[in-house]
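Asks: Here you go, one structure.
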Amino acid sequence: MDVGIGLPNAVTGTSGAELVEWARRAEARGFSTLGTIDRLVFSNYEPLTALAAAAAVTERIGLTTAVLLAPLRVNAAALAKQALSVNALSGGRLTLGVGLGARDDDYELGGVEMRGRGRSLDAMLEKIEQIWAGDEVGPATAGAPRLVVGGHADASFARAARFGEGWIAGGAPASEYPGLVERLKAAWAEAGREGEPRTMGLAYFSLGERAVEDAKTYAHDYYNWLGPDAADFLASQTAQDVEAVQRITSAFEDAGCDELILFPSASDPDQVDLLAEATGR
């Protein structure tokens with residue numbers, strides 16, 4: 001199983017200098033990809049913008065939106081061009097992971113109706129597929145990005161089988177992962193796809209002297225809409241020591257995950273080195 005690391009693009013207060021240093025260190029330590037999280041009503045960096053910055057200071061490491069909330073983008077053609085641009089700038093390293101999101105305030109501020117957002121995403125992916133297959137919109141020096149779809153609903157698995165090369169689980173624990181992969185593979189077979197779908201997952205980590213404090217601060221900041229008890233629970237699920245990191249990565253590998261992206265609770269680039277040591281890099 002490949003192990004990637006999330007950029008701290010959704011950690012409040014992250015500076016541009018921290019983000020690019022994080023990217024440099026992640027590549028040097030051998031992580032498979034840099035991931036980003038997407039929100040609109042939050043103090044995060046926009047995912048493709050953050051990955052473009054990371055692309056400028058790296059040469060090998062993958063770049064993954066895990067996931068980008070596609071229905072909140074202005075239109076499919078603009079998103080297709082943005083993704084092509086980051087893929088070209090990075091020499092073909094982008095995986096565009098897309099999903100729906102579930103926050104009312106994101107959709108309200110974006111002026112997009114939540115109802116019917118699945119149909120909107122399907123229409124966007126159809127248009128993106130057409131644009132990437134043609135030669136009207138570029139840059140196309142690196143070809144089209146890889147595409148994966150996130151979500152746990154049956155429609156998400158069908159969407160992944162129809163448009164993508166795989167699927168990413170958004171925050172599902174390793175214990176639930178095998179059942180989700182079975183549903184993905186069933187949708188893959190029903191769609192008549194050959195081969196095996198790419199399977200991805202994500203989890204959170206917080207290491208070092210401030211591990212417990214950082215995990216709690218981040219969970220209450222990012223997930224405050226779920227309430228304090230839920231935020232406390234999510235903080236408790238964050239890997240806060242070497243043994244927990246190793247336990248989570250082993251569990252996802254045993255569950256059939258091809259690539260796991262571990263997202264941070266703090267923006268200090270030393271977290272990259274701590275995770276690298278915990279995962280044997």
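The values are calculated or read from the model by the stated rules, or taken from the named source; none is laboratory data. All of these numbers come straight from a predicted model, not from anything done at the bench. Here Cβ is always computed from backbone atoms with ideal geometry, including for glycine, and neighbour counts include all displayed protein chains.
Asks: Would you check which residues across region 177-231 are in contact with a Cys (Cβ under 7 Å, 6 or more places away or on another chain) and among the β-branched types (Val, Ile, Thr) and list them?
Replies: Answer for region 177-231, where residues must be in contact with a Cys (Cβ under 7 Å, 6 or more places away or on another chain) and among the β-branched types (Val, Ile, Thr): just THR199.
Asks: If you scan region 245-262, which residues turn out to be hydrophobic (A, V, I, L, M, F, W, C), in contact with a helix residue (DSSP H, G or I) (Cβ under 9 Å, 6 or more places away or on another chain) and surrounded by 18 or more Cβ atoms within 10 Å (Cβ to Cβ)?
Replies: VAL245, ILE248, PHE252, ALA255, CYS257, LEU260, LEU262
Asks: Going by the conditions given, is GLY91 at pLDDT 95 or above and on the phi > 0 side of the Ramachandran plot?
Replies: yes
Asks: Name the residue that is nearest to GLU253 (Cα to Cα), counting only residues in region 2-17 that are surrounded by fewer than 18 Cβ atoms within 10 Å (Cβ to Cβ) and touching a residue at least 40 places away in the same chain (Cβ under 8 Å).
Replies: Out of the qualifying residues, it is ASP2.
Asks: Could you check THR95 against (1) surrounded by 17 or more Cβ atoms within 10 Å (Cβ to Cβ); (2) more than 23 Å from THR58 (Cα to Cα) and say which number it fails?
Replies: So the condition that THR95 fails would be (2).
Asks: Please verify whether GLU194 is under 24 Å from GLU259 (Cβ atoms), among the acidic types (Asp, Glu) and either touching a Pro at 6+ places or on another chain (Cβ under 6 Å) or not in a loop (DSSP other than H, G, I, E, B) (or both), treating the condition exactly as stated. Please lay out each step first, then the result.
Replies: Working: under 24 Å from GLU259 (Cβ atoms): yes; among the acidic types (Asp, Glu): yes; either touching a Pro at 6+ places or on another chain (Cβ under 6 Å) or not in a loop (DSSP other than H, G, I, E, B) (or both): no.
Criteria not met by GLU194.
Asks: Applying the selection to region 28-43, what residues are surrounded by fewer than 20 Cβ atoms within 10 Å (Cβ to Cβ) and either within 21 Å of ASP2 (Cβ to Cβ) or not charged (D, E, K, R) (or both)?
Replies: ALA28, ARG29, GLY30, SER32, LEU40, VAL41, PHE42, SER43, listed by residue number.
Asks: Go through (1) without any contact (Cβ under 8 Å) to a residue 60 or more places away in the chain; (2) touching a Pro at 6+ places or on another chain (Cβ under 8 Å) one by one and return the number of the condition GLY166 breaks.
Replies: Checking GLY166 against (1) without any contact (Cβ under 8 Å) to a residue 60 or more places away in the chain; (2) touching a Pro at 6+ places or on another chain (Cβ under 8 Å), the one that fails is (1).
Asks: Okay, moving on. State which residue pairs qualify: first residue farther than 18 Å from LEU180 by Cβ and modelled with pLDDT of 95 or more and inside region 241-258, second residue buried (at least 17 other Cβ atoms within 10 Å of the Cβ) and not charged (D, E, K, R) in any location, beta carbons under 6 Å apart, and separation of 6 or more residues or different chains.
Replies: VAL242/ALA278; VAL245/PHE205; VAL245/ALA239; VAL245/ALA278
Asks: In region 114-173, how many are more than 17 Å from the chain's Cα centre (by Cα), modelled with pLDDT of 95 or more, small (Gly, Ala, Ser) and surrounded by 14 or more Cβ atoms within 10 Å (Cβ to Cβ)?
Replies: Here the count works out to 7.
Asks: So LYS216 fits all but one of (1) over 19 Å from THR14 (Cα atoms); (2) basic (Lys, Arg); (3) in a helix (DSSP H, G or I); what number is the exception?
Replies: Unmet for LYS216, out of (1) over 19 Å from THR14 (Cα atoms); (2) basic (Lys, Arg); (3) in a helix (DSSP H, G or I): (1).
Asks: Among the candidates ARG93, ARG119, single out the residue that is out of contact with any Gly (no Cβ under 7 Å at 6 or more places or on another chain) and either over 17 Å from ILE261 (Cβ atoms) or among the basic types (Lys, Arg) (or both).
Replies: ARG119
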